[in-house]
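Enquirer: Would you mind keeping the following structure in view while I ask a few things?
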Amino acid sequence: MKKKVLSLLAVMALTVSALAGCGSSAADTTEAETTTEATAEAETETETEAAGETETAAATEGLKAGFIFLHDENSTYDLNFLNAAKAACEKLGVECVIKTNIPEGQECYEAACELADAGCNFIFADSFGHEDYMIEAAKEYPDVQFSHATGTKAHTENLANFHNAFASIYDGRYLAGIVAGMKLNEMIDNGEITADQAKMGYVGAYTYAEVISGYTSFFLGARSVCPTVTMEVTFTGSWYDETAEKEGANKLIEDGCVLISQHADSMGAPTACETAGVPNVSYNGSTASACPNTFLVSSRINWEPYFEYALNCVAAGTAIDTDWCGSLETGSVELTDLGSAVAEGTQEAIDAAKADLIAGNVHVFDISTFTVEGAALESFEADVDTDADYTPDHEVVIDGYFHESGEEFRSAPYFNVQIDGITLLDTAF
Amino acid sequence: MNEKNKEPFFHVVKRDALPWYQSIGIRIAAIVLALILCAIITTITTGINPIQVYQSIFIGAFGTTRKTWITLQNVSILLLISLALTPAFKMKFWNIGGEGQVLIGGLAAAACMICLDDKLPNVLVMVCMVIASLAAGIVWALIPAFFKAKWNTNETLSTLMMNYIATQLVAFFTIVWEVPKGSGKIGIINQDSNIGWLPQIFGSKYLLSILVAVIITVFMYIYLNYSKQGYEISVVGESENTAKYVGIKVGKVIIRTMMLSGAICGLVGLLLVGSINHTVTTTIAGGQGFTAVLVSWMSKFNPLTMVLSSFLIIFMDRGASEISTTFGLNHSYSDILTGIILFFIIGCEFFISYKLQFRKKAEKEEQ
């Protein structure tokens with residue numbers, strides 16, 4: 001009897017192992033196409049406080065909001081949007097339909113149309129490559145409001161129901177840079193490194209204005225407290241590539257960088273830093289739980305204020321801003337809680353700097369704080385109106401500082417100047 | 001007695017050809033079993049009612065008119081790639097380069113759209129796109145075929161490597177044509193002028209791919225079963241020596257067949273770029289070049305069966321993602337369900353070709 005069972009098991013095992021290869025490879029190949037969608041049931045409970053608050057809050061009930069995300073909760077970038085979407089919808093009593101893992105192709109158009117067909121009044125997409133497909137969907141559904149984060153085209157597209165949104169995240173990066181600078185100062189004071197060795201590393205996705213604006217403001221923040229700091233930047237050519245980000249961080253560490261920050265969406269760089277024991281300034285949200293010893297701080301955009309603003313506009317029937325740019329004041333730009341590894345007095349320093357930024361006493365891209373090829377940047381024409389030839393079309397250096405997004409031109413960053421002190425290791429992407 | 005004890009519990013015995021209703025019965029049983037297993041796993045792991053799950057699978061594929069159209073369009077694309085690979089497989093030429101042939105066809109179409117938009121009238125741009133895509137697909141298939149025919153190189157490796165070259169070329173041109181600078185995205189090409197956008201048939205965005213798929217399916221069925229060239233392909237596949245003996249030029253058949261494979265893949269690239277996405281990215285083929293290998297083999301190279309196989313895969317794919325929407329499950333959950341179903345479908349082929357003969361039954365038969 002034992003033998004019977006054994007031989008039966010053996011045959012089963014053989015069959016399984018012979019067929020498993022086919023099964024699993026098939027699952028892998030279909031993975032790229034499958035889209036997963038998640039619904040968070042909005043709680044339509046009538047909170048006593050909300051009822052008493054305003055009429056607009058009551059009017060948002062019964063609305064339906066659709067969200068299109070490039071990845072799912074495993075990406076720090078998308079998780080940041082996901083949490084904000086759920087929180088805003090719950091607060092306003094809006095039904096929330098979330099579609100994750102939507103690629104930047106026709107699938108985005110289909111997803112947006114499916115959401116519109118399903119009765120959504122407001123549809124939002126979070127990834128840069130979604131923009132063109134959102135525009136296509138917006139043309140087809142003029143009664144539905146479409147918003148897109150990080151996009152550049154709303155102000156030239158002339159569609160009443162298509163909007164861009166972003167936040168002055170360079171302010172947040174600048175503050176995070178101050179945290180990094182203070183840490184470098186501490187390391188210099190402790191004799192761990194000399195002042196000349198204060199070199200930071202930065203893992204970026206593409207040589208895109210959003211990334212350039214991000215690392216430059218981070219660097220300027222650090223240099224505002226640690227004058228000898230320099231920085232090396234490497235690019236991965238992907239917004240989400242855990243291996244490439246990890247390798248990029250390791251390469252920078254081997255290159256002598258004593259502090260790392262990144263602008264890409266996986267946990268690659270933070271985990272590489274934790275392994276190597278190198279302090280890390282994160283993005284999109286705290287990585288303190290995964291990297292307790294090396295996490296310093298993270299800047300992030302809090303999308304909740306925008307979602308609330310847009311949904312209230314939809315409920316009231318008023319127009320959503322074509323270009324909405326959140327700021328420190330709107331609560332859109334935030335720093336997470338500081339990690340345990342930060343230098344003493346960091347909190348006080350960033351509180352002071354934050355007050356200065358809000359008051360307008362300090363501008364991140366003040367032309368007196370940086371040079372380009374040895375000279376001050378007295379004038380710069382940026383490519384604000386997106387076109388295939390990258391034609392510069394707006395003078396953006398006004399009143400002694402570079403007017404980055406949010407000042408007046410558009411919500412997405414356009415600072416793509418190569419300033420002195422930052423070395424780009426590769427610019428293939 | 002001793003000998004009897006050593007006899008295994010059961011034998012695996014090759015079956016005679018089953019009547020069609022029995023083999024279909026086995027396949028249906030496999031799908032039913034797969035669905036039952038999926039239901040059990042779903043209930044155990046998530047506590048969700050399986051009937052609701054199957055309902056939402058159906059809604060995901062056919063819930064609205066738009067969903068139905070998208071499902072049909074996706075089936076068409078997968079079917080077309082499977083049809084493209086089939087003649088090569090039938091002659092035992094392991095063309096796993098469908099992905100690359102599709103990509104390069106798409107890249108050629110995109111190049112025409114980007115570079116010719118202000119130089120030629122729309123109709124001529126489209127003509128150029130058709131020619132360029134087909135030619136690019138053909139070249140991509142021809143290179144491995146030529147080396148195979150000439151020096152008998154391993155086509156599995158060379159077609160696979162051609163995929164990577166195509167992906168890297170697309171990545172390179174993405175950077176060349178990116179808008180805005182540094183973003184690594186081309187975006188929709190000619191969004192305002194719509195130059196090079198293949199025409200919508202009867203006002204439907206989705207119909208063109210579906211019509212092309214119908215035409216190519218019929219063509220491929222006739223070509224493989226009733227044409228001289230189709231016969232030559234089967235002979236080369238069965239035995240190269242036989243083919244040589246009866247005077248078939250094996251090298252010529254290989255090259256001709258692969259050109260056909262490549263042309264259809266190039267056509268898929270054209271549809272993906274010109275009719276569906278209006279852009280090109282490295283992931284535009286989405287791994288379907290490999291899924292198509294599975295479809296082609298699952299269908300035993302029969303174009304009509306391929307319609308069903310690719311439909312099943314797309315139906316599950318779209319249905320499974322709907323499950324995740326409705327019940328808030330992670331992306332990977334739909335992959336698990338699709339994996340289970342494919343496992344059963346492929347597994348059932350074993351029971352169609354073979355049967356298990358248990359010891360007692362065997363004894364009885366001997367008596």
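Enquirer: Against the condition small (Gly, Ala, Ser) and farther than 16 Å from B:Met258 by Cα, how does B:Ala109 come out, does it pass?
Expert: Numbers: small (Gly, Ala, Ser): yes; farther than 16 Å from B:Met258 by Cα: yes.
Against the criterion (small (Gly, Ala, Ser) and farther than 16 Å from B:Met258 by Cα), B:Ala109 qualifies.
Enquirer: I need the full set of residues from the range B:347-363 which are assigned to a helix (DSSP H, G or I) and either modelled with pLDDT of 85 or more or more than 8 Å from chain A (Cβ to nearest Cβ) (or both), in order please.
Expert: Across the range B:347-363, the qualifying residues are B:Gly347, B:Cys348, B:Glu349, B:Phe351, B:Ile352, B:Ser353, B:Arg359, B:Lys360, B:Lys361, B:Ala362, B:Glu363.
Enquirer: Pick from the range A:92-101 the residues that are hydrophobic (A, V, I, L, M, F, W, C) and more than 10 Å from every other protein chain (Cβ to nearest Cβ): which of them is surrounded by the most Cβ atoms within 10 Å (Cβ to Cβ)? Break it down into steps so the answer makes sense when it comes.
Expert: Step one: filter the range A:92-101 for residues hydrophobic (A, V, I, L, M, F, W, C), giving A:92, A:94, A:96-98.
Right, trim to more than 10 Å from every other protein chain (Cβ to nearest Cβ) and you get A:92, A:94, A:96.
Numbers: A:Leu92: 23, A:Val94: 25, A:Cys96: 23.
So, considering only residues that are hydrophobic (A, V, I, L, M, F, W, C) and more than 10 Å from every other protein chain (Cβ to nearest Cβ), the one surrounded by the most Cβ atoms within 10 Å (Cβ to Cβ) is A:Val94.
Enquirer: How about the range B:88-104: which of its residues are within 25 Å of B:Met129 (Cβ to Cβ), assigned to a helix (DSSP H, G or I) and in contact with a Gly (Cβ under 8 Å, 6 or more places away or on another chain)? Working first, answer last.
Expert: Applying the first criterion (within 25 Å of B:Met129 (Cβ to Cβ)) to the range B:88-104 yields B:88, B:95, B:97-104.
Those left that are additionally assigned to a helix (DSSP H, G or I): B:88, B:98-104.
B:Gly98, B:Glu99, B:Gly100, B:Gln101, B:Val102, B:Leu103, B:Ile104 - these are the residues of the range B:88-104 that are within 25 Å of B:Met129 (Cβ to Cβ), assigned to a helix (DSSP H, G or I) and in contact with a Gly (Cβ under 8 Å, 6 or more places away or on another chain).
Enquirer: Does A:Phe370 satisfy being within 21 Å of the chain's Cα centre (by Cα), part of a loop (DSSP other than H, G, I, E, B) and of a type in the set (Phe, Trp, Tyr)?
Expert: No.
Enquirer: Kindly establish whether B:Ser193 is hydroxyl-bearing (Ser, Thr, Tyr) and under 26 Å from B:Ser234 (Cβ atoms).
Expert: No: the conditions fail for B:Ser193.
Enquirer: Would the range A:363-386 turn up any residue that is over 19 Å from A:Val225 (Cβ atoms), within 14 Å of chain B (Cβ to nearest Cβ) and of a type in the set (Val, Ile, Thr)?
Expert: Yes: the range A:363-386 contains one or more residues that are over 19 Å from A:Val225 (Cβ atoms), within 14 Å of chain B (Cβ to nearest Cβ) and of a type in the set (Val, Ile, Thr).
Enquirer: Hand me the list of helices (runs of 4 or more DSSP H) wholly inside the range A:110-225 holding 2 or more residues that are within 14 Å of chain B (Cβ to nearest Cβ) and closer than 23 Å to B:Asn277 by Cα.
Expert: A:131-140, A:154-157
Enquirer: Turning to a different aspect of this structure: Within the range A:387-405, track down each residue that is closer than 22 Å to A:Gly204 by Cα and in a loop (DSSP other than H, G, I, E, B).
Expert: A:Tyr390, A:Glu404, A:Ser405
Enquirer: In addition: Is it the case that some residue within the range B:307-314 is facing another protein chain (nearest Cβ under 8 Å), part of a helix (DSSP H, G or I) and either under 28 Å from A:Val97 (Cβ atoms) or acidic (Asp, Glu) (or both)?
Expert: yes
Enquirer: Please tell me if A:Cys89 is more than 10 Å from chain B (Cβ to nearest Cβ), buried (at least 21 other Cβ atoms within 10 Å of the Cβ) and assigned to a helix (DSSP H, G or I).
Expert: So A:Cys89 passes the test.
Enquirer: Within the range B:330-337, is there a residue that is at the interface with chain A (Cβ under 8 Å from one of its Cβ atoms), at pLDDT below 85 and crowded, with 24+ Cβ neighbours inside 10 Å?
Expert: There is at least one residue in the range B:330-337 that is at the interface with chain A (Cβ under 8 Å from one of its Cβ atoms), at pLDDT below 85 and crowded, with 24+ Cβ neighbours inside 10 Å.
Conditions (1) in contact with a Ser or Thr (Cβ under 8 Å, 6 or more places away or on another chain); (2) at pLDDT 90 or above, marked per residue:
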site: A:Ala58; (1), (2): no, no
site: A:Glu73; (1), (2): yes, no
site: A:Cys89; (1), (2): no, yes
site: A:Glu95; (1), (2): yes, yes
site: A:Glu110; (1), (2): no, yes
site: A:Cys113; (1), (2): no, yes
site: A:Ala116; (1), (2): no, yes
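Enquirer: Turning to a different aspect of this structure: Please work out if A:Ser266 is touching a strand residue (DSSP E or B) at 6+ places or on another chain (Cβ under 7 Å), away from every other protein chain (no Cβ under 14 Å) and touching a residue at least 24 places away in the same chain (Cβ under 8 Å).
Expert: Answer is no for this residue.
Enquirer: A follow-up question, please. Does B:Gly266 qualify as being at the interface with another protein chain (Cβ under 7 Å from one of its Cβ atoms), touching a Ser or Thr at 6+ places or on another chain (Cβ under 7 Å) and either closer than 30 Å to B:Ile175 by Cβ or at pLDDT 95 or above (or both)?
Expert: no
Enquirer: Here is a follow-up. For B:Val75, only one of the following conditions fails: (1) within 20 Å of the chain's Cα centre (by Cα); (2) under 20 Å from B:Ile284 (Cα atoms); (3) not in a helix (DSSP H, G or I). What is its number?
Expert: Only one criterion is unmet by B:Val75, namely (3).
Okay, residues lined up against (1) small (Gly, Ala, Ser); (2) farther than 21 Å from A:Ser127 by Cβ:
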| site | (1), (2) |
| --- | --- |
| A:Asn284 | no, no |
| A:Thr318 | no, yes |
| A:Asp321 | no, no |
| A:Gly326 | yes, no |
| A:Glu329 | no, yes |
| A:Leu338 | no, yes |
| A:Ala352 | yes, yes |
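Enquirer: Does at least one position in the range B:105-117 carry a residue that is more than 14 Å from chain A (Cβ to nearest Cβ), assigned to a loop (DSSP other than H, G, I, E, B), touching a residue at least 24 places away in the same chain (Cβ under 8 Å) and surrounded by 21 or more Cβ atoms within 10 Å (Cβ to Cβ)?
Expert: no
The values are calculated or read from the model by the stated rules, or taken from the named source; none is laboratory data. Computed from a predicted model, the values in this text were never measured in an experiment. Cβ: placed from backbone, ideal geometry, glycine included. Neighbour counts: every protein chain shown.
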